[in-house]
Amino acid sequence: MSRLQSILTGIATAVALVLVAVSIDFGKLASSLHQVTAAPVALAVLLLAGNFVLAFLRFEWTLGALGVTMERRNAAYAFALGNLASQFLLNIIGQSLTRAVVLQASGVPMSATVAATY
């Protein structure tokens, strides 16, 4: 990407953020937030954290079943980075390719990482 394209992308992103911020009715948002209670939020956080841990364990166990041995720290880093990338790229493509690229540096075959992600 050229420097001009990067600048134009930054400007377009800033304009989009301003348009979104202008379209939000903060009065209604504040009144909605006052109706939120702690118990459902805490339950949602616990369930999301549990889902993340179980998905990581499934990913790690699948890699193990494919004969891949590696440090848990590298697997956790690749898993977390793949989840983050899936927020910006297409879900499965972002996860599998990001994890594969990160784990390839640890000697894990790209095919094993993609298979474990799928």
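The values are calculated or read from the model by the stated rules, or taken from the named source; none is laboratory data. Values in this document were obtained by computation on a predicted structure and should not be read as measured data. In this analysis, Cβ positions are derived from the backbone assuming ideal geometry, glycine residues included, and neighbour counts consider all displayed protein chains. To get the accessible areas, we keep the full protein, side chains included, count just its heavy atoms, and leave off ligands, DNA and RNA. Shrake-Rupley method; radii C 1.70, N 1.55, O 1.52, S 1.80 Å.
General remarks:
Residues are listed down the side, and each one gets a yes or a no for (1) at pLDDT below 80; (2) open to solvent by less than 40 Å² (accessible area, probe 1.4 Å); (3) not basic (Lys, Arg):
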residue	(1), (2), (3)
50	no, yes, yes
53	no, no, yes
74	no, no, yes
77	no, no, yes
101	yes, no, yes
110	yes, no, yes
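Residue by residue, here is whether (1) in a helix (DSSP H, G or I); (2) among the β-branched types (Val, Ile, Thr); (3) in contact (Cβ under 8 Å) with a residue 12 or more places away in the chain holds:
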| residue | (1), (2), (3) |
| --- | --- |
| 22 | yes, yes, no |
| 27 | yes, no, no |
| 40 | yes, no, no |
| 43 | yes, no, no |
| 59 | yes, no, yes |
| 70 | no, no, yes |
| 93 | yes, yes, no |
| 108 | no, yes, yes |
| 111 | yes, no, no |
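- Failed criterion for residue 2 (all others in (1) over 25 Å from the mean Cα position of the chain (by Cα); (2) closer than 30 Å to residue 82 by Cβ; (3) surrounded by 10 or more Cβ atoms within 10 Å (Cβ to Cβ) hold): (3)
- Any chance residue 39 is loosely packed, with under 10 Cβ neighbours inside 10 Å and modelled with pLDDT of 90 or more: yes
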